[in-house]
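Just so you know, all these numbers are worked out from the coordinates, no wet-lab data involved. These numbers were taken from a predicted model, which means no experiment stands behind them. Here the Cβ is made from the backbone with ideal geometry for all residues, glycine too, and neighbour counts use every protein chain on show.
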Amino acid sequence: MNENRWSTGESCVSWEDAEILYSESFRIVGDDFEHGGEAAAKIKAKLKQFGLDAAIIRRLSIANFEAEMNVIMYAREAEMQLQVLPNAVRVILSDRGQGIPDIEQALQEGYSTATPQMRQRGFGAGLGLPNIKRNTDEFEIVSTPGVGTTLRYTIHLQN
Amino acid sequence: MLMQELVDLLKCRVILGAEFMEGLEVTACFAADLMSDVLAFSRPGSLLITGLASIQSAHTADVADLSGILFVGGKTPAEPVIALVRNQRIPLLTTELSMFEACGRLYGSGLEPGGRS
Amino acid sequence: MMVAREPSILFDPARCVGCVACSQVCPTKAIRVAAGCAVVKPELCIDCDACIRACRYDAVQARLSSPADLARFKYKVAIPSMTLYAQFGRDIHPSQVLHGLTRLGFDRAYDMSWMNEMVAGAIDASFSEMEGPWPKISVTCPAIVRLVQVRYPDLLANLVQIETPRELAAKVLRRRVAAEQHLDPQDIGIFFITPCTAIMNSIVAPVGLEQSNLDGAFAISEICGPLQKAMKLGGAEERDDQISRAGIRWAMSGGELMGMRNTNTMSVHSLRDVQYVFDHLEAGKFQSVDLIEAYICPDGCISGGLTIEGRYAAGRNLQHIGRRLGTQSLIKEEKVRSLMREHFFDLEEEIKARAVRPVAQDLRRAIALERERQELLARLPGKDCAACGAPDCATLVEDTLRNEANIDDCIFLRLARCEEAAAKRGEGSP
């Protein structure tokens with residue numbers, strides 16, 4: 001299979017063994033613009049209850065919202081999993097969809113394959129993935145064209 | 001500027017959230033129809049000025065911790081958008097003025113840009 | 001050092017019927033009803049008098065000094081709240097009240113209106129030197145300070161860092177009396193005559209200073225009757241007390257602000273309105289206001305729980321008494337400024353939060369608690385009936401999490417269990 005991979009930040013390996021204090025999954029359905037943003041809103045509310053720092057919540061929420069809109073615009077469906085670790089919050093988003101043939105290109109600000117309908121919603125200007133990258137400390141994309149894409153992004157918590 | 005003064009200045013209609021306007025100060029605004037720009041560049045606490053009346057505007061205001069939403073060009077959002085904003089406890093305004101004129105008046109009265117764009 | 005607080009209210013078990021009127025009005029959910037009688041959790045209590053006002057059985061009393069406390073001192077001084085002047089109609093002069101007090105076991109009673117005027121002047125003059133966050137919140141009302149400590153710790157930095165007139169007046173007067181009467185300052189007992197349930201804790205466990213300059217407090221409502229009789233005996237004519245007209249208004253809402261040059265101020269009173277405004281402050285609103293005068297009682301001190309005269313009549317009385325004092329100012333601005341340079345008005349200590357139900361600092365603990373909280377809440381009916389003893393379902397959950405109650409105290413859960421058991425028995429019998 002033709003897997004594309006891209007990552008930034010410190011090696012994600014360090015978190016592999018981390019204990020997961022909390023995890024919850026949210027389902028996102030492709031083309032469902034009416035509910036686009038709900039998963040991000042729910043995760044935001046949950047993290048507030050846990051007493052996390054407002055700036056961290058905002059960064060993660062922005063990343064989540066962009067990622068959620070990407071699924072709605074380009075994929076059939078996805079599961080967004082929130083994981084709270086002792087020193088980080090992490091989101092793993094796996095979708096079933098067309099995949100990203102050229103990740104480097106998709107990460108360029110302004111590069112977009114959006115349709116007019118997507119742009120009517122205030123998205124689709126080629127800022128989604130760059131916006132996730134901007135707001136997270138670690139970001140990894142694994143995509144298989146024709147099968148789907150998995151995003152993993154992490155924000156570190158200062159202690 | 002007090003939110004109430006802004007309402008007068010732009011002849012806004014308050015769709016909801018009048019009860020959250022008391023004492024609410026608007027110090028900065030961010031104007032865009034592109035929500036990705038708002039997410040990328042707005043400062044928390046800014047007023048969102050937009051012509052985009054979809055549910056994504058409401059989610060953007062929530063996610064980016066904005067202090068209110070002003071729709072320009074006489075746009076009025078549909079009921080689900082209003083319901084969502086109601087839970088966020090922020091004011092939702094609409095004005096007949098165009099984006100250009102609304103922003104011009106606010107900038108002219110000393111409000112700051114609510115972020116880089 | 002933080003002195004342990006005692007409850008500022010006492011429940012009389014003989015009178016309390018165990019209704020939940022007090023526990024449901026309590027703004028900090030400090031009251032539980034156990035075994036037919038209300039008890040207060042002192043760490044949560046902010047010393048407001050919401051429960052005293054709500055009780056229909058006269059079962060809640062404020063904690064105050066006793067005559068025995070008075071007897072401990074060689075020389076006894078009374079400093080009345082301005083509210084005391086408002087209890088005897090429109091046609092009295094404060095001198096009569098002060099003189100009357102000397103017939104009730106006090107060696108001397110002093111007016112403190114001049115100190116009110118000085119402190120207002122000091123606050124007014126120090127705006128230019130104050131640093132954010134804005135607005136500043138006045139610290140005169142001890143229940144407000146306590147409310148901020150317990151419920152609004154984010155607003156601690158907004159509190160005015162200037163001591164209250166009653167403490168400063170007591171400090172000055174102790175020195176003066178000691179010198180005049182050649183006494184050891186410790187032999188002088190200075191007592192506040194108060195309309196306020198929160199005063200005792202501000203003396204016993206003071207905030208912003210290490211030790212209170214006051215030695216105790218008596219309720220206006222207790223002293224009014226004897227005082228009225230004593231005032232009828234006359235004899236006040238030879239007194240030459242100078243009363244400050246601006247200072248006398250401090251008992252009323254808006255009184256602190258009236259003499260100030262700065263008019264970018266707000267006056268907020270009554271518990272509900274104070275909470276409304278403080279909620280807004282926490283949300284970052286009202287930031288262009290310079291000073292908020294906040295009182296927990298509906299019209300400021302004249303409407304305190306320990307008064308006799310109704311608040312409207314008291315307000316009218318005080319207006320009239322003030323008008324007859326003329327418009328002269330007792331205070332010289334240069335004097336205030338020189339005292340400010342000596343740091344005379346400054347709070348001695350930082351006012352700290354008293355978070356009594358702290359959020360868990362550790363993320364792991366916070367998540368575990370939140371999970372448990374949601375699970376427990378889901379089991380309760382959400383009727384907030386208060387029959388369990390806690391004022392509402394959410395508080396029962398909090399108490400359960402702290403091992404201070406049991407979720408099964410809920411009568412609806414018990415009822416459900418009884419019905420289940422009965423159904424089982426029903427199945428078993430022929």
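Summary table below
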| quantity | calculated |
| --- | --- |
| Selected from C:ASP362, C:ASP408, C:ASP58 as most flexible by GNM, with chain C as the system and alpha-carbon contacts under 10 Å | C:ASP362 |
| Debye equation applied to the C-alpha atoms of chain B, log10 I(q)/I(0) at 0.19 Å⁻¹ | -0.92 |
| Candidates A:GLY36, A:GLY146, A:GLY122: whichever shows maximal mean-square fluctuation once chain A is modelled as a Gaussian network with Cα springs under 10 Å | A:GLY122 |
| Within segment B:3-113, percent of DSSP bridges classed antiparallel, to nearest 5 | 20 |
| Shielding of C:102-113 by partner chains, average beta-carbon count, 10 Å | 0 |
| Spatially proximal lysines relative to C:LYS76 (Cα-Cα < 26 Å; intrachain offsets below 8 disregarded) | C:LYS171, C:LYS229, C:LYS232 |
| Placed amide H near C:GLN287: partners under 5 Å, 5+ positions off or other chain | B:GLU25 |
| Whole-Å distance, taken between Cα centres, linking segment C:78-131 and segment C:1-54 | 30 |
| Table column - 3J(HN,Hα) (Hz), segment B:45-55, Karplus curve with 6.51, -1.76, 1.60, x for Gly and Pro | x, 6, 8, 8, 10, 8, x, 9, 9, 8, 4 |
| Chain A: relative contact order in percent, alpha carbon pairs under 8 Å with at least 6 residues between | 31 |
| Electrostatic dipole magnitude of chain C [Cβ: Lys, Arg +1; Asp, Glu -1; Cα centre; debye, to 20] | 800 |
| Relative contact order, percent, segment B:8-75 [alpha-carbon distance under 8 Å, six or more residues apart] | 28 |
| Residues C:GLN24 and B:ALA18, FRET efficiency given R0 of 41 Å [Cβ-Cβ distance, rounded to 0.05] | 0.90 |
| HN-Hα J in Hz across segment A:140-145 - Karplus 6.51, -1.76, 1.60, θ = phi - 60°, x for Gly and Pro | 9, 10, 10, 9, 10, x |
| Relative exposure of C:TRP250, A:TRP6, C:TRP114, judged by other C-beta atoms within 10 Å (fewest first) | A:TRP6, C:TRP114, C:TRP250 |
| Cα radius of gyration and Dmax for segment C:368-428 (Å) | 13.1, 41 |
| Mean ellipticity per residue at 222 nm, deg cm²/dmol - from DSSP H runs of n ≥ 4 across chain A, formula -39500 (n - 2.57) | -9000 deg cm²/dmol |
| Per-residue [θ]222 nm for chain C (sum of -39500 (n - 2.57) over DSSP H runs n ≥ 4, rounded to 500) | -11500 deg cm²/dmol |
| Gaussian network model of chain A, Cα within-10 Å springs - most flexible of A:PRO116, A:PRO130, A:PRO145 | A:PRO116 |
| Nearest 10 degrees, 0 to 90: helix A:38-49 Cα axis against chain A principal axis | 10 |
| Rounded to 5, percent antiparallel among DSSP beta bridges of the protein assembly as shown | 60 |
| Cβ-derived FRET efficiency at R0 51 Å, C:VAL17 paired with B:ASN87, nearest 0.05 | 0.80 |
| Three-way shape label, segment C:288-336, alpha-carbon gyration tensor, a/c 1.5 | oblate |
| Rough spin-label spacing in nm, given labels placed 7 Å along Cα→Cβ, for C:GLU349 and C:ALA416 | 4.7 |
| Relative contact order of chain B, pairs being alpha-carbon contacts under 8 Å that are 6 or more residues apart, as % | 33 |
| Order of C:ARG146, C:ARG245 under a 10 Å beta carbon neighbour criterion, fewest first | C:ARG245, C:ARG146 |
| Rounded tilt (10° steps) of C:311-324 against the dominant C-alpha axis of chain C | 20 |
| Neighbouring partner chain Cβ atoms per residue of C:282-289, average, 10 Å criterion | 5 |
| Helix-only [θ]222 nm of chain B, DSSP H runs n ≥ 4, -39500 (n - 2.57) each, per residue, nearest 500 | -10000 deg cm²/dmol |
| Packing-based exposure ordering (other Cβ within 10 Å, fewest first) of C:PHE286, C:PHE412 | C:PHE412, C:PHE286 |
| Alpha carbon centroid spacing (whole Å) that separates segment C:206-238 from segment B:1-61 | 55 |
| DSSP loop GluC sites (Glu not before Pro) with at most 15 other Cβ within 10 Å excluded, longest remaining stretch of chain C | C:239-341 |
| Qualifying lysines (Cα of each under 25 Å from Cα of B:LYS11; at least 8 residues distant if same chain) | B:LYS75, C:LYS285 |
| Given charges at beta-carbon only (K, R positive; D, E negative), |dipole| of segment C:100-174 in Debye | 400 |
| Averaged over A:22-33, number of beta-carbon atoms from partner chains that fall within 10 Å | 1 |
| Table column - 3J(HN,Hα) (Hz), segment A:98-113, Karplus curve with 6.51, -1.76, 1.60, x for Gly and Pro | 6, x, 10, x, 10, 5, 3, 5, 5, 7, 6, 4, x, 6, 8, 10 |
| Length gained when the stretch C:LEU156-C:GLU404 is fully extended (0.36 nm per residue, less Cα-Cα span) | 86.4 nm |
| Distant-in-sequence amide H partners of C:THR197 (H built 1.01 Å from N, under 5 Å) | C:GLY305, C:LEU306 |
| Amide hydrogen neighbours beyond the local backbone of A:GLY148, cut-off 5 Å, H modeled | A:GLY97, A:GLY99 |
| Beta bridges by DSSP in chain C, antiparallel share as percent, to the nearest 5 | 30 |
| Nearest-0.05 FRET efficiency for C:GLN374 and A:ASP17, computed from C-beta distance (R0 45 Å) | 0.95 |
